[in-house]
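The values are calculated or read from the model by the stated rules, or taken from the named source; none is laboratory data. Every value quoted in this text rests on a predicted model; they were computed, and no experiment measured them. Cβ: placed from backbone, ideal geometry, glycine included. Neighbour counts: every protein chain shown.
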Amino acid sequence: MTLLAEDFKKCPALQFGGAFFTVAVKEGSSEEIHLDFNDDPNGISWIVPLGNWKGGEFCLPQLGIKIPIQSGQILGAMTRILAHCSAPVKGFRIILTLFADKFLLDHST
């Protein structure tokens with residue numbers, strides 16, 4: 001937990017001020033190809049990695065693309081439309097995924 005607190009202090013831009021309904025936190029990687037069906041189909045998910053690792057590229061098999069992403073970078077993708085996964089990770093990595101949940105958008109006033 002100390003590592004996350006240190007990264008947050010170094011990156012005050014991680015304070016998004018309530019711009020997202022949902023923040024998912026995961027350690028490691030999601031190596032299974034999937035779509036995020038809870039995401040709004042017109043929305044962009046923002047992936048924020050923290051930690052110290054090697055590997056873990058953001059993979060888009062439909063497009064034949066692997067995008068390297070490191071701590072301090074942010075990646076945006078339409079994860080409900082584009083099938084995606086992560087390459088294996090060696091080291092310690094926490095991923096914050098920020099998105100607008102379709103159910104919440106559909107039921108907000």
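Looking at His34, is it at pLDDT below 75 and exposed (fewer than 13 other Cβ atoms within 10 Å of the Cβ)? Break it down into steps so the answer makes sense when it comes.
Values: at pLDDT below 75: no; exposed (fewer than 13 other Cβ atoms within 10 Å of the Cβ): yes.
So His34 does not fit the description; no.
List pairs: first in segment 24-40 and among the acidic types (Asp, Glu), second not in a strand (DSSP E or B), Cβ under 6 Å, 6+ apart or cross-chain?
Note: pairs meeting the criteria are Asp36/Thr79; Asp36/Arg80; Asp39/Thr79; Asp39/Arg80; Asp40/Ala100; Asp40/Lys102; Asp40/Leu105.
Only one of (1) over 12 Å from the mean Cα position of the chain (by Cα); (2) at pLDDT 95 or above; (3) aromatic (Phe, Trp, Tyr) is not met by Phe58, so which one is it?
Every listed condition holds for Phe58 apart from (1).
Which pairs do you get when a residue that is free of Cβ contacts under 8 Å to residues at least 60 places away in the same chain, found in segment 54-72, comes within reach of a residue that is outside any strand (DSSP E or B) and among the small types (Gly, Ala, Ser), reach meaning Cβ atoms under 7 angstrom, with the pair 6+ apart or on two chains?
Taking only residues 6 or more apart or on different chains, the pairs are Gly55/Ala87; Gly56/Ser29; Gly56/Ala87; Glu57/Ala87; Cys59/Ala87; Pro61/Ala83; Gln62/Ala83; Lys66/Ala87.
Take the residues in segment 65-109 that are part of a strand (DSSP E or B), touching an Asp or Glu at 6+ places or on another chain (Cβ under 8 Å) and more than 17 Å from Glu31 (Cα to Cα); name whichever of them is modelled with the lowest pLDDT.
Filtering segment 65-109 for residues that are part of a strand (DSSP E or B), touching an Asp or Glu at 6+ places or on another chain (Cβ under 8 Å) and more than 17 Å from Glu31 (Cα to Cα), the one modelled with the lowest pLDDT comes out as Asp101.
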